[in-house]
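Peer 1: Structure below; questions to follow.
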Amino acid sequence: MALGLAVGSSFLSLARAGRQLGRGPLAVLVAVAGAAMALGLAVGSSDRDAKRPSGASVADARASAAMVAERRGGRARRGGAAYYRRTARKRVSAKAAASFLPLYREAERVYGVNWRLIASIHRQETAFSTAPSTYRGLNAFGCCAGPMQFNVTNGPVSTWELYRQAFRAGRRPQRYPHRTRSHPSIYDDFDAVMAAGWLLSDSGAGRGLDFGEWSAAYSYYGHDLFGVTYANQVLARAEAWQRDGFCPNCGLDEGLVAEFEDAYGAAVRRQLIDAERRRKKQKRPKLGRDRKGDRREGHRRRKGGDGGSKNRARHRSPGAGKRPSRPPSANNDRPTKPPPPRPRQERTGAPEPSPPPPPPAPPPSTTPPVTAPPPPARECDPVRKLLGC
């Protein structure tokens, strides 16, 4: 629409000029040249507008920021403590590090992020683009690439794909360390630094060095325990540069690291540890009733319950029997079982028969009792007579 308006207005102005000059060849030549000039200006302005991130693209990227943050939690990490110790100890030329300052300041101008925060992340990730894999391939962990180590594997829309057009909003310097032929390029320092500024701005960073910037650095790495350490180190380095001046090879101020840990890191670290404990507790398998009963039974046996009685029986004397449950009675008489009850007869309409009468007693005998005869008298022989019969 803007192109049509520009061309139309140019033709109207040239028509007026043609009427003043007449209808000769000079008038026609002026009209054609003016139309070409207007067309070129319109195309150039539309091309510049297309290069800047539109409001729709910015809104789409910001709407996707939460999705990207969620994906960062499960992506491959840039590195651990050992990797960042190596990059921190690496010596860098002061002149080479200073050549990136125009890029950091342009990102601050466009996206409103403290340039020291961007520079500290650049130092943390690739030691000012001096790491071996900065300008080719992926890093040693197979996830990220370029001077600012943007993730290219957390697709289907990676972090780099969301923010790679950030360079269009800035003014590219004529000279800087590594300028590629085509843009956007993840290996171009300007493209990568501008994308980092946009990403940090979407994550809440500003021109200060407070919780918003700490949280943005924490999200830049990823939401885990080492991400807390990463954010502490990045903010401590940026704070030291703001206090003492830009010093590419100065070591970390451990006092500042501890201050950021106490102010912001400790609370986030506790939340992560508690969440990990809850996750492990939920993953623990629940035992059923039968399995719990088996465990209790085994516990009793180990403590000397039902299984212990068998072990104790082995140590008794062979003749020992089962212990009585109650003391025996004084006469040692075992109680007799009562007789079984008589089965009850089912009642019918007829009366039950009476029991048979007892048999009659026999009549008394009238014969006299028979007495035994007396024993015969002993004869008294002469000897018995002398003794007295």
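Peer 1: Only one of (1) crowded, with 22+ Cβ neighbours inside 10 Å; (2) not in a helix (DSSP H, G or I) fails for Phe167. Which number is that?
Peer 2: With (1) crowded, with 22+ Cβ neighbours inside 10 Å; (2) not in a helix (DSSP H, G or I) applied to Phe167, the lone miss is (2).
Peer 1: While we're looking at this one, here's another question. Pro173 fails exactly one of the following numbered conditions: (1) in contact (Cβ under 8 Å) with a residue 60 or more places away in the chain; (2) assigned to a helix (DSSP H, G or I); (3) open to solvent by 20 Å² or more (accessible area, probe 1.4 Å); (4) within 21 Å of Leu101 (Cβ to Cβ). What is the number of that condition?
Peer 2: It fails just one condition, (2).
Peer 1: Hey, another quick one. Out of all the residues in the stretch 250-274, which are open to solvent by 60 Å² or more (accessible area, probe 1.4 Å), more than 30 Å from Ala96 (Cβ to Cβ) and of a type outside the set (D, E, K, R)?
Peer 2: Passing the criteria: Ala263, Gln271, Ile273.
Peer 1: Let me ask something else. Yes or no: the stretch 188-195 includes at least one residue that is in contact with a Ser or Thr (Cβ under 8 Å, 6 or more places away or on another chain), crowded, with 22+ Cβ neighbours inside 10 Å and not in a helix (DSSP H, G or I).
Peer 2: Yes, that holds for at least one residue.
Peer 1: Now for a different question. For residues that are among the hydroxyl-bearing types (Ser, Thr, Tyr) and out of contact with any helix residue (DSSP H, G or I) (no Cβ under 7 Å at 6 or more places or on another chain), scanning just the stretch 127-147, find the one that is least open to solvent (accessible area, probe 1.4 Å).
Peer 2: Only one residue fits best here, namely Ser133.
Peer 1: Continuing with this model, one more query. Tell me which residues, restricted to the stretch 115-164, are modelled with pLDDT of 95 or more, hydroxyl-bearing (Ser, Thr, Tyr) and either within 21 Å of Lys90 (Cβ to Cβ) or in a loop (DSSP other than H, G, I, E, B) (or both).
Peer 2: Within the stretch 115-164, Ser120, Thr126, Ser129, Thr130, Thr134, Tyr135, Ser158 meet the criteria.
Peer 1: Follow-up. Pairs please, first residue from the stretch 85-111 and open to solvent by 40 Å² or more (accessible area, probe 1.4 Å), second anywhere and assigned to a helix (DSSP H, G or I) and among the hydrophobic types (A, V, I, L, M, F, W, C), Cβ atoms under 6 Å, 6+ apart in sequence or on different chains.
Peer 2: Short answer, once both residue conditions are applied: Arg105/Trp115; Val110/Ala169.
Peer 1: Then there is this: Inspect all residues belonging to the stretch 145-158 and state whether any of them is out of contact with any Ser or Thr (no Cβ under 8 Å at 6 or more places or on another chain), of a type in the set (A, V, I, L, M, F, W, C) and at negative phi.
Peer 2: Within the stretch 145-158, not a single residue is out of contact with any Ser or Thr (no Cβ under 8 Å at 6 or more places or on another chain), of a type in the set (A, V, I, L, M, F, W, C) and at negative phi.
Peer 1: So which residues in the stretch 97-114 are acidic (Asp, Glu) and over 14 Å from Pro173 (Cα atoms)?
Peer 2: Glu108
To keep it simple, each residue is scored yes or no on (1) hydroxyl-bearing (Ser, Thr, Tyr); (2) surrounded by fewer than 18 Cβ atoms within 10 Å (Cβ to Cβ); (3) out of contact with any helix residue (DSSP H, G or I) (no Cβ under 7 Å at 6 or more places or on another chain); (4) within 30 Å of Pro102 (Cβ to Cβ).
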residue	(1), (2), (3), (4)
Val228	no, no, no, no
Leu235	no, no, no, yes
Ala240	no, no, no, yes
Arg243	no, yes, yes, yes
Pro248	no, no, no, yes
Glu276	no, yes, yes, no
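Peer 1: Of the residues that sit in the stretch 198-228 and are assigned to a helix (DSSP H, G or I) and charged (D, E, K, R), which one is farthest from Val268 (Cα to Cα)? Lay out the reasoning, then the answer.
Peer 2: Within the stretch 198-228, the subset assigned to a helix (DSSP H, G or I) is 198-202, 211-221, 225-228.
Okay, now just the ones that are also charged (D, E, K, R), so 202, 213.
On the way: Asp202: 20, Glu213: 15 Å.
Ranking the candidates gives Asp202 first.
Peer 1: Between a residue in the stretch 239-258 that is touching a residue at least 24 places away in the same chain (Cβ under 8 Å) and any residue that is in a loop (DSSP other than H, G, I, E, B) and open to solvent by less than 50 Å² (accessible area, probe 1.4 Å), which pairs come within a Cβ distance under 7 Å, given they are 6 or more apart or on different chains?
Peer 2: Glu239/Leu209; Trp241/Cys247; Gln242/Leu209; Pro248/Val92; Pro248/Phe128; Asn249/Val92
The values are calculated or read from the model by the stated rules, or taken from the named source; none is laboratory data. Given the structure is predicted, the values throughout are model-derived calculations rather than measurements. Glycine also receives a Cβ, built like all others from the backbone with ideal geometry; neighbour counts cover every protein chain displayed. These accessible areas exclude ligands, DNA and RNA; they are computed on the full protein's heavy atoms, side chains included. Shrake-Rupley method; radii C 1.70, N 1.55, O 1.52, S 1.80 Å.
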